[in-house]
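Comments concern the structure below.
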Amino acid sequence: MDWFCDINWFAIHAKRFREAVAASIVETLGVEIFLPMVKVECMGHEVIKVSARPLFPSYFFGRFIPATFLEAVESARGVLHVIKSGTCPIPVDEQVVQEIRNRVEADGLIRFQRHEFRAGDRVSIQEGPCVGMMGKVEAEPDDRRRVAILLETLWNARVLIEKRWLEVEAA
């Protein structure tokens with residue numbers, strides 16, 4: 001059980017919406033933590049609200065020696081448990097954590113690249129009032145947030161729809 005005495009990254013399961021609190025408490029134990037956050041845009045009442053949320057809801061990473069810190073980490077407020085197989089904590093490969101860290105921008109957030117839609121792309125609507133409908137992309141207005149699509153289900157109606165609500169269908 002050499003790995004039990006080695007320093008590794010581990011996934012830590014925290015209480016939902018308490019990831020930041022749990023991570024800060026674990027950090028006070030002397031454990032290096034990493035709580036990757038993503039920028040999320042939500043449509044409020046005619047306003048787009050931007051917030052940060054954990055990339056992996058209810059989880060964060062901690063880098064520690066299990067023989068020294070496992071019990072303290074699992075006893076920390078807000079922590080449910082360290083991810084294990086049976087009673088053995090499962091290390092997360094250093095490269096996996098580094099890949100995620102490489103995507104963190106200067107403001108501390110990870111942004112996903114938006115898909116660029118092309119005229120003729122067949123799309124399905126994943127959110128919003130037209131959820132479940134299919135259509136074809138006609139154009140992208142100058143605001144870069146919406147796409148004009150021709151709905152196949154409403155007598156070929158043309159609508160402007162949020163890009164984030166669309167998913168390209170396989171050809």
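The values are calculated or read from the model by the stated rules, or taken from the named source; none is laboratory data. Being a predicted model, the structure only gives us computed values, none of them experimental. For the accessible areas, the whole protein counts, side chains as well, though only heavy atoms, and no ligand, DNA or RNA atoms are used. Shrake-Rupley method; radii C 1.70, N 1.55, O 1.52, S 1.80 Å.
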Report the residue, chosen from Val26, Val40, Val50, that carries the largest GNM mean-square fluctuation when the chain is represented by alpha-carbon nodes joined by springs under 10 Å. Val50
When we measure straight from the Cα of Lys136, which lysines land under 16 angstrom away, once same-chain ones fewer than 8 places off are left out? Lys163
Averaged per residue, what accessible area in Å² does the chain show with a 1.4 Å probe, protein chains only? 62 Å²
Suppose the chain between Glu71 and Phe56 were pulled fully straight at 0.36 nm per residue; how much longer would it get relative to their current alpha carbon spacing? 3.1 nm
Using 0.36 nm per residue, how much length does the chain from Met134 to Leu80 gain when fully extended, once their Cα-Cα distance is taken away? 15.3 nm
So, taking all protein chains as they sit and a 1.4 Å probe, how much accessible area belongs to Glu71, in Å² rounded to tens? 150 Å²
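On a 1.4 Å probe surface of the protein chains, which of Ser51, Ser85 comes out largest in accessible area, and what is the full order?
Of Ser51, Ser85, the descending order of accessible area is Ser85, Ser51.
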Taking the full set of protein chains and a 1.4 angstrom probe, give the accessible area of Asp2 in square angstrom, rounded to the nearest 10. 120 Å²
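In whole percent, and with a 1.4 Å probe on the protein chains, what portion of the accessible area of the chain is carbon and sulfur?
Carbon and sulfur together cover 53 percent of it.
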Report the gain in length on full extension from Lys15 to Ile110: 0.36 nm times residue separation, minus Cα-Cα distance, nm rounded to one decimal. 32.0 nm
